[in-house]
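Colleague: Got a structure here, written out as structure tokens. Questions coming.
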Amino acid sequence: MSDRDRKSNFRRGGPKPFEKGRKFGRPPGRRERESGSDGPVILYGWHTVAAALANPDRQIRKLYLTENAAKRLADENIDTKVAPDIVRPSEIDQRLGPDAVHQGLLAEADPLPSPDIDTLAQEGIVLVLDQITDPHNVGAILRSAAAFAVKAIVTTARHSPEATGVLAKSASGALELVPMVTVQNLARALNELNDLGFMTVGLDSEGTEDLGKVALQQPLALVLGAEGKGLRQLTRETCSVVARLDMPGEIKSLNVSNAAVLALYIGASRLGLMS
């Protein structure tokens with residue numbers, strides 16, 4: 001197919017612009033990471049798309065590139081997996097909106113599979129997210145999780161952002177590196193982690209203990225609450241410990257993505273995972 005044909009096909013036959021809140025889905029009969037979707041996962045931006053192309057478990061359906069992006073992929077010997085459509089930057093803008101920093105790359109892909117809790121390695125750290133809804137925050141948490149070699153992130157099927165679009169861009173490629181476990185009931189999932197030998201530590205500004213002084217042990221599950229309301233009551237009751245992050249300044253609470261990276265640093269340091 002010529003570049004002209006690809007451009008024409010992009011304009012005539014491609015998907016409609018990705019409206020905010022639009023639902024995407026998954027093929028029946030398969031448990032997938034982005035469990036709330038009923039269509040392709042939307043990935044854009046250099047790090048996000050390049051990581052997806054490097055992930056053998058990520059199936060790319062369609063790939064739209066500007067000429068400069070296609071040249072950069074070729075220069076860095078990154079396999080595109082599928083024949084890309086070469087388009088103008090403005091055509092990707094029309095699909096994502098003017099505020100999306102796509103850097104000339106847009107991919108439509110199949111969701112990644114979601115592992116079951118009982119398949120998680122009983123070592124290291126996992127993160128549990130209690131209805132954190134901001135995709136920027138979840139993406140930032142994913143990026144920190146990849147930096148600290150977190151084994152998985154457990155999140156709820158409802159009241160959580162889909163692993164697509166803004167979340168994937170904010171994660172900057174970490175979506176391909178950290179397995180995401182999607183569960184229907186968080187308290188039940190925490191009980192399962194407890195039964196598997198995980199130490200479940202909820203993080204709350206009014207926690208009874210300082211996280212830096214808790215005798216942490218592997219496997220460790222750090223539980224983070226939603227923006228504003230924090231951990232739900234049942235979540236708090238299901239954790240084996242509820243701890244706070246003690247800080248010397250006047251402000252005693254942090255944005256959840258900042259709290260996550262601080263908790264991960266404390267946890268990894270105390271467990272000897274930093275070396």
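Values in this text are rule-based calculations from the coordinates and carry no lab data. This structure is a prediction, so every number in the text was calculated from the model and none was measured. FYI the Cβ positions are ideal-geometry reconstructions off the backbone, even for glycines, and counts take in every protein chain you see.
Colleague: What percent antiparallel are the DSSP beta bridges of region 117-270, to the nearest 5?
Modeller: Just about 5 percent of them are antiparallel.
Colleague: Let me ask another. State which entries of K151/K252; K169/K252; K213/K252 exceed 25 angstrom in Cα-Cα distance in the structure shown.
Modeller: Violating the 25 Å Cα-Cα cut-off are K151/K252; K169/K252.
Colleague: Can you run phi through the Karplus equation (6.51, -1.76, 1.60; θ = phi - 60°) for region 125-141 and list ³J(HN,Hα) in whole Hz, with x for Gly and Pro?
Modeller: Taking θ as phi minus 60°, the curve returns 10, 10, 10, 10, 10, 9, 6, 7, 9, 7, x, 5, 5, 5, x, 5, 5 Hz for region 125-141.
Colleague: Ignoring solvent entirely, what values of log10 I(q)/I(0) come out of the Debye formula for region 53-185 at 0.15, 0.17, 0.22 Å⁻¹ when each Cα is a single scatterer?
Modeller: Computed log10 I(q)/I(0) values: -0.79, -0.97, -1.35.
Colleague: Test of understanding: in a Gaussian network model of the chain with alpha carbons linked when under 10 Å, which of D99, D134, D57 would top the mean-square fluctuation ranking?
Modeller: Most flexible of the set in this elastic network: D99.
Colleague: Using the C-alpha atoms of region 31-109, what convex hull volume per residue, in cubic angstrom, is computed?
Modeller: Taking the convex hull of the Cα positions in region 31-109, it is 93 Å³ per residue.
Colleague: Here's another thing I want to ask about it. What are the semi-axes of the equivalent ellipsoid of region 172-275, taken as the square roots of 5 times the eigenvalues of the Cα gyration tensor, listed largest first and rounded to whole Å?
Modeller: In descending order the semi-axes read 20, 17, 16 Å.
Colleague: Let me ask something additional. Where does helix 256-270 land angle-wise versus the long Cα axis of the chain, in degrees 0 to 90, nearest 10?
Modeller: 60
Colleague: Let me know the Kirkwood hydrodynamic radius for region 69-123, please, with Cα pairs as the basis and the value in Å to one decimal.
Modeller: 14.3
Colleague: Another question, if that's okay. Can you say what percent of the DSSP beta bridges in the chain, counting only those with both residues inside, are antiparallel? Round to 5.
Modeller: Of the beta bridges lying entirely in the chain, close to 30 percent run antiparallel.
Colleague: Still on this structure, I have one more. Per DSSP H run of at least 4 residues, take -39500 (n - 2.57); add these up for the chain, divide by its residues and hand me the 222 nm value, nearest 500 deg cm²/dmol.
Modeller: Result for the chain, helices only: -9500 deg cm²/dmol.
Colleague: Most exposed first by the Cβ proxy, i.e. fewest other Cβ within 10 Å, how do I117, I141, I153 rank?
Modeller: Lowest to highest Cβ neighbour count: I117, I153, I141.
Colleague: How big is the shadow of the Cα convex hull of the chain, averaged over all directions, in nm²?
Modeller: Over all viewing directions, the chain projects a mean Cα-hull area of 15.8 nm².
Colleague: Say R0 is 35 Å: what FRET efficiency, to the nearest 0.05, do D57 and A187 get from their beta-carbon distance?
Modeller: In this case the efficiency is close to 0.75.
Colleague: Can you tell me the length gained on complete extension of the stretch A147 to I251, counting 0.36 nm per residue apart and subtracting the Cα distance?
Modeller: 34.8 nm
Colleague: Among R95, R232, which comes first, then next, by fewest other beta-carbon atoms within 10 Å?
Modeller: Fewest-to-most ranking of R95, R232: R232, R95.
Colleague: Pick out, in residue order, every one of the GluC sites (Glu not before Pro) in region 213-275 that is DSSP loop and has at most 16 other C-beta atoms within 10 Å; say none if there are none.
Modeller: Qualifying residues, ordered by number: E227, E250.
Colleague: Can you put R158, R72 in order, fewest other beta carbons within 10 Å first?
Modeller: R158, R72
Colleague: Want the number for D79 to L273: 0.36 nm per residue separation, take away the alpha-carbon distance, what's left?
Modeller: 66.5 nm
Colleague: One-quarter of the Cα convex hull surface for region 223-275, in nm²?
Modeller: That works out to 4.5 nm².
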